[in-house]
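The values are calculated or read from the model by the stated rules, or taken from the named source; none is laboratory data. Predicted, not measured: the structure shown is a model, and the values here were computed from it. Here the Cβ positions follow ideal geometry from the backbone for every residue, glycine too, while neighbour counts run over all protein chains shown.
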Amino acid sequence: MNIYLSKVINRRLFLLASFLATSLVLSSCGSPTAKNRAIYLLLDTSGTYTQELAKAQAIMNYLLATLNSGDSIAIARIDSGSFSEKDIIAKATFDLRPSTANDQKRLFKRKVDQFVDSVKHGSSNTDITGGLIQATDYVNETRAAEKYVLIFSDLEEDLVKGHVRNFKIDVTDINVVALNVTKLRSDNIDPRDYSKRLKEWQQRVELGGGYWRVVNDLERLDNLITK
């Protein structure tokens, strides 16, 4: 092979390699492979359910240990009319630097622990729908690949007089998980009320395009979110 032909072949190989490298970069830019997650935990603070909040702290500890850099989390109380930022107890998107992410987690935990310690009396009403709408907005804004709304509640909605919540909620592609759904005193009178309450919430979530699960065994949280 003469020197001229060798140079031509090497030149073409160089151009081909450059083209493939550029195509790979463009492909990776157009199709992100990040599997970041966004989680919003709603805490029921009504009536006697405040006695369950210590269990919510255990759930928070599990989430903080499981989430990675780039993941987002927020915890908020379910109030009488949950449509305000004031209901958010803590929120964070964890930094790519592990040391900074660990500092964020410690601060997050401190804020939630302080909130739980400060709860003396439960709220008089429970606007679960309002909380779910707020949570949906948050996880969608993160543009995360996996989105979760966790509802720590007995799922008994008690609205302020005049508030309307019987409408469709758009929870498309969001995993809605009901946690620690305790039975009410009235459920002991008619056990069908408990099943009816769960079924009604499942129908609302699935009608809105979301995925529904119930996790009552808080000793087994390993499948709560995708790892």
Using beta carbons and a limit of 9 Å, which pairs, at least six apart or on different chains, have the first residue in the range 206-227 and closer than 13 Å to Ala178 by Cα and the second one part of a loop (DSSP other than H, G, I, E, B) and at pLDDT below 85?
Val215/Asn223; Asn216/Thr182
Counting only helices (runs of 4 or more DSSP H) wholly inside the range 86-192, the ones holding at least 3 residues that are surrounded by fewer than 16 Cβ atoms within 10 Å (Cβ to Cβ) and at pLDDT 90 or above are 98-118
Out of the residues in the range 193-220 meeting the condition of being exposed (fewer than 15 other Cβ atoms within 10 Å of the Cβ) and part of a loop (DSSP other than H, G, I, E, B), tell me which one is modelled with the highest pLDDT.
Gly209
Selection status of Ala38, modelled with pLDDT of 95 or more and farther than 13 Å from Val112 by Cβ:
yes
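What about Ala56, is it closer than 22 Å to Asp103 by Cα and either of a type in the set (A, V, I, L, M) or at pLDDT below 55 (or both)?
Details: closer than 22 Å to Asp103 by Cα: yes; either of a type in the set (A, V, I, L, M) or at pLDDT below 55 (or both): yes.
For Ala56, the condition - closer than 22 Å to Asp103 by Cα and either of a type in the set (A, V, I, L, M) or at pLDDT below 55 (or both) - is met.
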